[in-house]
Amino acid sequence: MRWRGRRQSDNVEDARNDGGGGLGGGLGGGGRLPMGPRISTGGGGLSGIIILVVLFFALRACGIDPMQILSGGDEGSLPGGGQVTQGGAPANDEMTQFVSTVLAETEDTWNGIFQAEGLKYEEPKLLLFSGQVKSACGYASAASGPFYCPSDRKVYLDTAFFNQLSKQFGASGDFAEAYVIAHEVGHHVQNLTGILPKFNQMRQRMSEADANAMSVRVELQADCFAGIWGYYTDQKGLLEQGDIEEALNAAQQIGDDTLQKRMQGYVVPESFNHGTSAQRQRWFAAGLKSGKLSDCDTFNNPI
């Protein structure tokens, strides 16, 4: 990916010197699989949830704030939400420059998409941490992988995950890393358009198996939104040979089935909450191919 020399986002905070180290490590048995939002949700039917995206734009055009209608003031997920660890100015190391540049590219993409609908995109913050972090969604360690907290609208990233992604999961390359960031930003888009608040309302009345099944659809849509970002990044001429293969390989390596086989030697489909390798590849590719939100309807189409 041709990222050097491009605009860097001002929305990156650095808390790597604030948190205690030593809580990181692999995604051991029973640990949360990587790249998911810190959300909790309630029950209800899946049918029509994608209409929330259309409804969001329609309500905003009429001067109505749909977030007040959908969220009910409670978007958090993990228990014990508290004060966010405040990050300082980001360091100027190469990894920080890369993360800041990729975040800026996602800002450009989603600002453009929202502007086309006559709306203003509210850019998320991205907080870099080391080892552990306290977010508005609760405490998390590096073992949780990157995550998005809808309560404070921040992406949380321990950049050591990229080393793990490459060495433990066999998914190397800068565009594989960019895909991770774009996936989490995809959850922010879901939050802004009301999908995550609706998911929060629905999950409380669902069985664990049904909640996992719905979580898969949420995650696959975030993969598709990452693909939309990839589409516009390619339109800018920023992709290099092999970049798309890097992202697809990352999607392959962090699929629920692949991770479970690697960690425990067998798979438990009813416990999947992110999607299989094939599903993650398919939905990222769908967004990458067209760049259209309408092609990211994971709720009303077979996955």
Flag if ASP223 is within 14 Å of the chain's Cα centre (by Cα) and within 22 Å of GLU107 (Cα to Cα): yes
Residues of the range 245-303 that turn out to be in contact with a Lys or Arg (Cβ under 7 Å, 6 or more places away or on another chain), surrounded by fewer than 19 Cβ atoms within 10 Å (Cβ to Cβ) and either over 13 Å from ARG217 (Cα atoms) or of a type in the set (Gly, Ala, Ser) (or both), as a count: 1
LYS120 vs. criteria of a type outside the set (A, V, I, L, M, F, W, C) and under 18 Å from the mean Cα position of the chain (by Cα): no
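Quick check: anything in the range 163-172 more than 22 Å from MET95 (Cα to Cα) and buried (at least 20 other Cβ atoms within 10 Å of the Cβ)?
Taking the range 163-172 first, the residues more than 22 Å from MET95 (Cα to Cα) are none.
No - not one qualifying residue is present in the range 163-172.
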Yes/no for GLU105 being touching a Phe, Trp or Tyr at 6+ places or on another chain (Cβ under 9 Å) and within 20 Å of ARG6 (Cα to Cα): yes
Residue count for the range 114-155, restricted to those that are under 23 Å from VAL218 (Cα atoms), aromatic (Phe, Trp, Tyr) and surrounded by 23 or more Cβ atoms within 10 Å (Cβ to Cβ): 2
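Which one of these is more than 24 Å from MET1 (Cβ to Cβ), surrounded by 24 or more Cβ atoms within 10 Å (Cβ to Cβ) and not basic (Lys, Arg): VAL189, VAL218? Walk me through it before giving the result.
Values: VAL189 fails: more than 24 Å from MET1 (Cβ to Cβ).
None of the other options fit; the residue is VAL218.
Among the residues that make up the range 209-219, is at least one of them among the acidic types (Asp, Glu), within 22 Å of LEU103 (Cβ to Cβ) and assigned to a helix (DSSP H, G or I)? Can you show your working first?
Just the residues of the range 209-219 that are among the acidic types (Asp, Glu), to begin with: 210, 219.
When the remaining residues are screened for being within 22 Å of LEU103 (Cβ to Cβ), the result is 219.
Among the residues that remain, those that are also assigned to a helix (DSSP H, G or I) are: 219.
Yes, there is a match, as at least one residue in the range 209-219 is among the acidic types (Asp, Glu), within 22 Å of LEU103 (Cβ to Cβ) and assigned to a helix (DSSP H, G or I).
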Meets criteria (under 24 Å from THR258 (Cα atoms) and touching a residue at least 60 places away in the same chain (Cβ under 8 Å)) for LEU196: no
Given (1) more than 16 Å from the chain's Cα centre (by Cα); (2) in a helix (DSSP H, G or I); (3) not hydroxyl-bearing (Ser, Thr, Tyr), index of the condition ARG280 fails: (1)
Near pairs, Cβ below 7 angstrom, 6+ apart or cross-chain, from the range 271-287 (free of Cβ contacts under 8 Å to residues at least 40 places away in the same chain) to any residue that is surrounded by 24 or more Cβ atoms within 10 Å (Cβ to Cβ): SER277/ALA251; GLN281/ALA251
Counted residues, the range 173-208 - those being of a type in the set (A, V, I, L, M, F, W, C) and either farther than 16 Å from PHE98 by Cα or outside any helix (DSSP H, G or I) (or both): 7
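Which one is farthest from PHE299 (Cα to Cα), of the residues in the range 220-274 that are part of a helix (DSSP H, G or I) and of a type in the set (Lys, Arg)? Full working, then the answer.
From the range 220-274, those part of a helix (DSSP H, G or I) are 220-235, 243-253, 256-264, 269-271; that's our starting set.
Filter once more, so that each one left must be of a type in the set (Lys, Arg): 261-262.
Values: LYS261: 27, ARG262: 29 Å.
It comes out as ARG262.
None of the figures in this text is laboratory data; all of them are computed from the coordinates on show. These numbers were taken from a predicted model, which means no experiment stands behind them. Ideal geometry is used to build each Cβ from the backbone, glycine not excepted, and the neighbour counts take in all protein chains shown.
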